[in-house]
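These notes are about the structure you will find just below.
The values are calculated or read from the model by the stated rules, or taken from the named source; none is laboratory data. From a predicted model like this one, the values you see are computed outputs, not experimental measurements. Please note: Cβ atoms are built from the backbone with ideal geometry, for glycine as well, and neighbour counts cover all protein chains shown. Note: accessible area is taken over every heavy atom of the protein model, side chains too, but ligands, DNA and RNA are not part of it. Shrake-Rupley method; radii C 1.70, N 1.55, O 1.52, S 1.80 Å.
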Amino acid sequence: MIENNTLQEFLSTLSSKAPVPGGGGASAIGGAMGNALGQMVANLTIGKKRYADVEDEIKLLLEQMKALQQDFVSLADGDAEVFAPLAAAYSLPYGTEEEKAYKDRIMEENLLAASLVPIQIMEKSMEMLRILETLAGKGSRMAVSDVGVGVQFIRVALLGAVMNVYINTKSMKNRERAEELNACADKMVADGTKKADEIYGMVLEKLR
C-alpha cells in the first residue's frame with residue numbers, strides 16, 4: 001500500500017518500469033499534498049486570537065481535510081488496483097466468438113472501473129478547492145502562500161486524473177456511458193480550473 005511507503009520508495013517505484021503507480025496514483029498523491037498544505041494552514045490558524053471568530057469553522061474544515069487526506073491516499077492505491085485486471089484483460093484470447101464476447105465483457109467492466117477511480121480523485125479535488133477557497137479568505141495570512149501552493153497541487157490532481165478518465169472511456173464500447181463520464185469530467189475540469197485560478201489570484205493579491 002502506498003501509505004506504507006516512504007517518499008523515496010514511492011518515487012523509486014514511480015520512476016521504474018513497474019506498471020503501477022503511474023499518472024493516476026501520482027495525481028492522487030498530488031491531491032494529498034495539496035490537502036496536507038491546507039491542514040497546515042488550518043493548524044496555524046486555530047488557537048490564534050486574531051482568528052478566534054472563525055476558529056470553529058476552521059476546525060470543521062480541518063476534520064474534513066483529515067478525511068479527504070485518507071481518501072486521496074486510498075484512491076492512489078485504488079488506481080493501482082484497477083489497472084492490474086485491465087492490463088490482464090488486454091491479453092485475453094480473442095479467437096472464437098465466445099472468447100470475443102467474454103473479452104469484450106471483461107474489458108468493458110475493467111475500463112469502467114479504471115475510469116471511476118480518477119473521477120473520484122477529481123471529485124475529492126473539487127471538495128478540496130472549496131476548502132482552500134475558505135482558507136484563502138479566512139486562514140492565517142502568514143500562511144496564505146501555502147494555500148496558493150496547495151491550490152496548484154490540487155489543480156495538478158484534477159488535470160492529471162482527467163487524462164486517466166479519457167484514456168479509458170476512449171476504449172469503452174458503451175459510448176453512452178463513456179460520454180456521461182466524459183461530460184462529468186469535463187464539467188469538473190472547467191469548474192475546477194476556474195476556481196483554482198480564482199483562489200490563486202486571491203492569494204497573489206494578498207501577497208503583493
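Listed values, structure above:
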item	result
Meets criteria (more than 19 Å from Q39 (Cα to Cα), open to solvent by less than 20 Å² (accessible area, probe 1.4 Å), touching a helix residue (DSSP H, G or I) at 6+ places or on another chain (Cβ under 7 Å) and not aliphatic (A, V, I, L, M)) for G150	no
Total residues in the stretch 104-139, condition small (G, A, S), open to solvent by 10 Å² or more (accessible area, probe 1.4 Å) and under 25 Å from E55 (Cα atoms)	1
Close pairs from the stretch 131-144: first closer than 14 Å to M202 by Cβ, partner modelled with pLDDT of 95 or more and part of a loop (DSSP other than H, G, I, E, B), Cβ under 6 Å, at least 6 apart	none
Cross-chain or 6+ apart pairs with Cβ under 6 Å, the stretch 6-29 first and touching a residue at least 24 places away in the same chain (Cβ under 8 Å) and over 19 Å from I154 (Cα atoms), then in a helix (DSSP H, G or I) and open to solvent by 60 Å² or more (accessible area, probe 1.4 Å)	V20/F83
Residue ID - least open to solvent (accessible area, probe 1.4 Å), chosen from residues in the stretch 14-37 that are part of a loop (DSSP other than H, G, I, E, B) and hydroxyl-bearing (S, T, Y)	S16
Search result, residues across the stretch 3-12 that are surrounded by 11 or more Cβ atoms within 10 Å (Cβ to Cβ) and either farther than 15 Å from E81 by Cα or of a type in the set (G, A, S) (or both)	N5, E9, F10, L11, S12
